[in-house]
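Colleague: Following this message is one structure expressed as structure tokens.
Derivation of every value follows stated rules applied to the coordinates shown; laboratory data play no part. Just so we're clear, the structure is a prediction, and the values are computed from it rather than from any experiment. Using ideal geometry, Cβ is built from the backbone for each residue, glycine included, and neighbour counts are taken over all protein chains shown.
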Amino acid sequence: MGNPSNNDYFNTILWGITFSVVILNIISAAFAEEPGWRGYALPKLNQHFRPIISGIIVG
């Protein structure tokens, strides 16, 4: 039970890898989602709803 004492949670190499993966995911998700939602879904929604409602749905 508990935390094994042989784990090094302050290993800077692991934190560097984790940080770089998180930043890469944030950047790649923004570039992947924005064209889809803003470029495809929003114009389709604007055909059926007012712009404010479409923005709320996409948001």
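Colleague: Just rank Leu24, Leu42, fewest to most, by other beta-carbon atoms within 10 angstrom. Display every interim value, and only then the final one.
Modeller: Details: Leu24 10, Leu42 15.
Fewest-to-most Cβ neighbours within 10 Å comes out as Leu24, Leu42.
Colleague: List, in order, the whole-Hz ³J(HN,Hα) value for each residue of region 31-40 obtained from phi through the Karplus relation with A = 6.51, B = -1.76, C = 1.60 and θ = phi - 60°; use x for Gly and Pro.
Modeller: 6, 7, 7, 4, x, x, 6, 7, x, 10
Colleague: Name the long-range amide H neighbours of Phe49: under 5 Å, sequence gap of 5 or more, or other chain; modelled H, no Pro or chain starts.
Modeller: Under 5 Å from the amide H of Phe49 lies no amide H from a residue far enough along the sequence or on another chain.
Colleague: How far, in nm, would the chain grow between Ile26 and Tyr40 when pulled straight, counting 0.36 nm per residue and subtracting the alpha carbon separation?
Modeller: So the extension gain works out to 3.0 nm.
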